[in-house]
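Beneath this line is the structure, given in structure tokens, with notes to follow.
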Amino acid sequence: MRRRVRRSAAEDRGPSERDEPLSKLVRRMLGLGMKRRQYERGKEFFEYVVSVEGVETATRVWDGPENLPSDDELDHPEQWLARIK
């Protein structure tokens with residue numbers, strides 16, 4: 001009888017709570033996937049700008065918050081170039 005009273009906390013919780021570490025891992029991995037995509041978009045943006053206008057123009061991104069590309073401009077760097085010229 002004592003064994004039954006001393007069940008682990010995991011046994012007392014429902015299946016979804018027992019799987020929490022796995023759920024956390026999946027959420028983390030999905031988050032990393034999103035971060036990776038953000039990195040890739042930024043990389044593609046800079047590669048395009050550098051190939052068309054050079055490094056000096058690409059570094060204008062850091063001149064001030066008004067020069068940061070919008071979400072749409074990250075996917076269409078030619079729009080950013082037109083805006084900052």
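Details
- Computed label-point distance, nm, for sites His76 and Tyr39 using a 7 Å Cα→Cβ extension: 2.8 nm
- Distance between modelled label sites at Glu20 and Glu66, nm, 7 Å Cα→Cβ extension: 4.9 nm
- Gained length - Arg28 relative to Val50, 0.36 nm times residue gap less alpha-carbon distance: 4.7 nm
- Local charge for Gln79 was computed over the other residues whose Cβ lies under 12 Å away, with Lys and Arg +1 and Asp and Glu -1, and equals -3.
Each reported figure results from applying straightforward, stated rules to the coordinates on display, with no laboratory input. Quick caveat, the model's predicted, so the values are computed rather than measured. All Cβ positions, even for glycine, are placed from backbone atoms using ideal geometry, and neighbour counts span all protein chains on display.
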